[in-house]
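The values are calculated or read from the model by the stated rules, or taken from the named source; none is laboratory data. Just so it is clear, the model here is predicted, and its values are computed rather than measured. Quick reminder, even Gly has a Cβ in these numbers, built from the backbone with ideal geometry, and neighbours come from all protein chains shown.
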Amino acid sequence: KKADELTVMAHFSGFDTIRNGIEVSSIEKHFERLSFAFTGIKQQYNQQSLRYIWADMFPYAITLMAASVASVIFALLATTRRTLRRKLP
C-alpha cells in the first residue's frame, strides 16, 4: 500500500509545491507568525525579550506593512469621486 501512496503523491508533487508556496507567502501566514511570536505561542519565542522577537520577526512586520500600504494605495487609485457619491437604490 505504501508504494501506491508514493506513486500517487509523486503525481501531485507540483501541485503540492505550488500550494505550499502560496500558503507560506500569504498575508495571513505572515500575521500568524508575527502574532504567535509576540504572544509566546511559538515555543522558541516564549520567555524571550521583545528585542529578540522583534529582530527575528522584522521581515514579517515589513511585509505586513508593505501589504497594508499597497492596499491603501490601490484603494485610493481605484476609487473615484463618482463612485464614492453614487447612490444606491
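Just name the residue that is farthest from K29 (Cα to Cα) out of those in region 67-89 that are of a type in the set (S, T, Y) and surrounded by 11 or more Cβ atoms within 10 Å (Cβ to Cβ).
Within region 67-89, the subset of a type in the set (S, T, Y) is 68, 71, 79-80, 83.
Adding the requirement that they be surrounded by 11 or more Cβ atoms within 10 Å (Cβ to Cβ) leaves 68, 71.
Working: S68: 15, S71: 17 Å.
Among them, the one singled out is S71.
Could you list all residues from region 2-55 that are at positive phi and at pLDDT below 85?
In the first step, residues of region 2-55 are kept if they are at positive phi; the result is 40, 47.
Within region 2-55, none qualify.
Consider only pairs whose beta carbons are under 9 Å apart and that are at least six residues apart or on different chains; among these, list those whose first residue lies in region 1-29 and is under 30 Å from S68 (Cα atoms) and free of Cβ contacts under 8 Å to residues at least 60 places away in the same chain and whose second residue is hydrophobic (A, V, I, L, M, F, W, C) and surrounded by 10 or more Cβ atoms within 10 Å (Cβ to Cβ).
D16/M9; I27/L64; I27/A67
Restricting to region 33-66, count the residues that are surrounded by 13 or more Cβ atoms within 10 Å (Cβ to Cβ) and under 15 Å from the mean Cα position of the chain (by Cα).
Residues that pass the stated criteria total 10.
Out of the residues in region 1-26 that are out of contact with any helix residue (DSSP H, G or I) (no Cβ under 9 Å at 6 or more places or on another chain) and of a type in the set (D, E), state the one that is nearest to I62 (Cα to Cα).
So, considering only residues that are out of contact with any helix residue (DSSP H, G or I) (no Cβ under 9 Å at 6 or more places or on another chain) and of a type in the set (D, E), the one nearest to I62 (Cα to Cα) is E5.
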